Amino acid sequence: MPGKTPHTNGSNPVENGINGADDVEMKDDAPNQLKGGKGKKTKEGDEEMTVVVPPSKSTKLSATPPSKDSNGDVAMDGTEETNEEDAGAPKVDPVAKAISDIKSNFPLLERAVTLFDARFSLRALRSISSIRKRLTPDILAQVIAETYQSTSPAAKSLLVALDREHVAFGKSVSNEMEIDNESKAKNGKKEPKEIIPEVDIFLGILIQIYYLDNKLNQKGAVFSAHLAERIHSLNRRTLDSLSARVYFYYSLFCEQLAPLPPSPSSPVVSIRPALLSALRTAVLRKDIDTQSTVIVLLLRNYLSTSHIAQADLLISHTKFPENAANNQVARYLYYLGRIRAIQLRYTEAHEHLTAATRKAPSSPSAAGFSQTATKLLLVVELLMGDIPDRATFRIPSLERALQPYLQLVQAVRVGLLGEFENVIRQHGDTFRRDGTYTLILRLRQNVIKTGIRMMSLSYSRISLRDICIRLKLESEESAEYIVAKAIRDGVIEASLDRERGFMKSKEVGDVYATREPGEAFHDRIRACLALHDESVKAMRFPMNQHRLELKNAQEAREREREMAKEIQDGDLDEDDLGGEFEGM
Amino acid sequence: MAERDLQEVLPKLKSSHSYQESLSLLSKAKIALLKLNALTPQPTTPSSILLAAREVFEAGALLSIRAKDPDAFTRYVHQLTPFYELPPERLSAANSEKNKITGLYLLLLLTQGNYSGFHTELEGLELRQNGGLVEDDRFLGYPIKLERWLMEGSYDLVWKAMASREVPSEEYGVFSEILTSQIRNEIASCSETAYPSLPISSTKNLLFLDSEGAVVSFAQSRGWAIKDGRIYFPNQVKMGVDEGNEKALSQMVIENTLGYARELETIV
């Protein structure tokens, strides 16, 4: 319920006790707290990090009185729970429900400001996905009318954006009274208070989403430009996560406007200055959310018009914030991997893309990202001369999307040039759409190399003519040069005889005599250690917990001392007893 | 006034054939452009000036290729880039030497061994070429094909492409010489590992050299031994290197193991 103050909820243990779902919700919330901007991965799902906070900790957490976090959590659960009850009641009007849902976020935003804790605004942002489907201009207009006083310029501009500037400000309030008397009373108390800019921006984001869902891109772009300007003029740290969202939708609108990205006159190009200045401001204000979002947006922007050199420069001149939201990190790594792959730095590309696919959210709504990242990763693996794991193609969420790539991998693995070219012809458009076409063209030499390797493994001696026929090369001379290059590059162990025109393979050595197994082992250990470090870093400990532990330790020590004393006494007793026994 | 200067200089620039003369004309044209504030396209620059500016830079680029000045050429290419990215309604793509110059730039990157630059440029082309394959273009297809053959190792095809008159324009011929020596060195280093020995006569064909005398001098420059009309390559297996490797390997293993131990200690 919108108006409820956190305090009453927090100190209402009965309510929490009754609700069985409460614990689950707590757990649900916990990982989100660990990673700040999680909710920002647009509307798509959030829970991908499986950092498990032991339940005992969270109960302890809510048990300790000084922890504000726990207080907030409980309060949150309380409101959600009452909302659910609302939904359960059949007679509640869906419009009124949507309105109250939207309004239930305002106290959160206010709390974010007063407590200076970004998590509350993130929670408000997360609730957008549930509100999203029900957004209509009327609902938004009503919310605005109820929230602001009629004289407020901010309300006016928001209403103009919705084409609802004539909404009556008074009427709707009484309307709400019928629904819920209590919340009305609370609202009434709040009325004289200044409406915080966070609420403005939050409503702005809702309007952006409404435009986006209804494909009003032109309007959305104009509105977003205004909104971005307004954000720029406000310097409030509690606005960070909200403003990141605003920029996100702003650039999304521009991408969908008339001349689509590859053309140089696309509006994508024209928002670059705005984004760059936003980045500069964000860096100066140490606004991590906006910084990471804008860097990712700029990279996406440059890549959409394939200005790879510029994107590379941007990367070398900026530093991606270390503790950015997980989803932004995943995207950043993906774009980084893409750029490195184009620059033929496959090892780096592989590293970044692997990290990106691992960090990708596993929820079904974000399947697109992991599909795209996996496609690129597969191509890079092929370019590095590795054959991707067959299991990758069996993952249900990826199976269909990866079908063309499976055929490609098969052609490369067997080393059949004809089949490889067939696949390219057949799926050329798909590859082009995925942006992997030029990378795949580079695979030709890998196919040839694999073919030669297969032949060198199966034959101890084979004539150049046969190689030429097998690989469908144009001439024997080409075959000779290609084989010579393969030998030089260390693809095969063999030698050529020019006069008699054959290739003679050398005996294959023992792999375990080389340093390869050691290196593979080292890589794996390193990955494990990195994983360990990251999970330690990702854990979140309750404030002042260590003091409690210290106290416990002190108590334990005292107890020990007592025990020692007792034992000493006991010893005496024993001695006494023993004495008695002896005596007996 | 500067505009009139520019219009006067342009036809002269196109018709002039002497390098010195063109050079002075070019600098005159550039000063005129500077006065017009049109060295880079501004939103306010009129189309006619944009067109003239592009022509000046294109002439400069081709000239610097003929004069074998890669630095100047690269500079001109960078200056041209913003002009090529203008929308067609501001500057029509007709009569532009864009593909020729981009192709030359690709070839330059290729001869410099700057493969990452080459592919970066190529990636951009692929997207901006609306309709029609990049490879089918006469000017752009040439460097792309060369690169593919070089990567595969089909050096004979590269050689044929350069020797036969497949070269799309005279400017491309400038690079042939550089490419020839480049692939000759590639082939030589491949042969060193691939063949135990080679007869001189077939080496001539292998390295695309004109005479056996040239083969002998080339062999000497690379330190190959010649005996009984055959070339023997110095044995590649160097024991000293292996020993060094052995030492480095064990050192690496020790380092790794110590690292694990340290990490384990922090965990436990």
Pairs please, first residue from segment A:138-167 and in a loop (DSSP other than H, G, I, E, B), second anywhere and modelled with pLDDT under 70, Cβ atoms under 6 Å, 6+ apart in sequence or on different chains. A:Ser150/A:Phe169
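Filtering segment A:414-446 down to residues that are more than 14 Å from chain B (Cβ to nearest Cβ) and surrounded by 15 or more Cβ atoms within 10 Å (Cβ to Cβ), which residue is nearest to A:Met384 (Cα to Cα)?
My answer is A:Leu416.
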For segment A:371-421, which residues satisfy the criterion of being small (Gly, Ala, Ser) and either under 24 Å from A:Arg340 (Cα atoms) or part of a helix (DSSP H, G or I) (or both)? A:Ala373, A:Gly385, A:Ala391, A:Ser397, A:Ala401, A:Ala411, A:Gly418
I need a count of the residues in segment B:186-215 that are among the aliphatic types (A, V, I, L, M), in a helix (DSSP H, G or I), at the interface with chain A (Cβ under 9 Å from one of its Cβ atoms) and touching a residue at least 12 places away in the same chain (Cβ under 8 Å). 2
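For (1) among the aromatic types (Phe, Trp, Tyr); (2) in a helix (DSSP H, G or I); (3) within 14 Å of chain B (Cβ to nearest Cβ), each residue gets a yes or a no:
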{"residue": "A:Val296", "(1), (2), (3)": "no, yes, no"}
{"residue": "A:Asp312", "(1), (2), (3)": "no, yes, yes"}
{"residue": "A:Phe320", "(1), (2), (3)": "yes, no, no"}
{"residue": "A:Gln328", "(1), (2), (3)": "no, yes, no"}
{"residue": "A:Leu333", "(1), (2), (3)": "no, yes, no"}
{"residue": "A:Ile339", "(1), (2), (3)": "no, yes, yes"}
{"residue": "A:Leu344", "(1), (2), (3)": "no, no, yes"}
{"residue": "A:Thr354", "(1), (2), (3)": "no, yes, no"}
{"residue": "A:Thr357", "(1), (2), (3)": "no, yes, no"}
Which listed residue is surrounded by fewer than 18 Cβ atoms within 10 Å (Cβ to Cβ) and without any contact (Cβ under 8 Å) to a residue 24 or more places away in the chain, from A:Glu476, A:Glu516: A:Glu516
Any chance B:Thr81 is modelled with pLDDT of 85 or more and among the polar types (S, T, N, Q): no
Tally time: how many residues in segment B:140-171 are crowded, with 21+ Cβ neighbours inside 10 Å, of a type in the set (Ser, Thr, Tyr) and either touching a residue at least 40 places away in the same chain (Cβ under 8 Å) or in a helix (DSSP H, G or I) (or both)? 2
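If only one of A:Pro321, A:Pro273 is touching a Ser or Thr at 6+ places or on another chain (Cβ under 7 Å) and either surrounded by 23 or more Cβ atoms within 10 Å (Cβ to Cβ) or outside the structural domain of A:Phe248 (by TED's automatic domain parsing) (or both), which one is it?
Checking each option against the conditions leaves just A:Pro321.
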Please go through (1) closer than 30 Å to A:Arg119 by Cβ; (2) within 11 Å of another protein chain (Cβ to nearest Cβ) for A:Glu534 and return the number of the only condition it doesn't satisfy. (2)
When segment A:453-492 is checked residue by residue, the ones that are within 21 Å of B:Thr193 (Cα to Cα), among the small types (Gly, Ala, Ser) and within 11 Å of chain B (Cβ to nearest Cβ) are A:Ser478, A:Ala479, A:Ala484, A:Ala486, A:Gly490
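The values are calculated or read from the model by the stated rules, or taken from the named source; none is laboratory data. Not measured: the values here are computed from a predicted model. Virtual Cβ from ideal backbone geometry, glycine too; neighbours counted across all protein chains shown.
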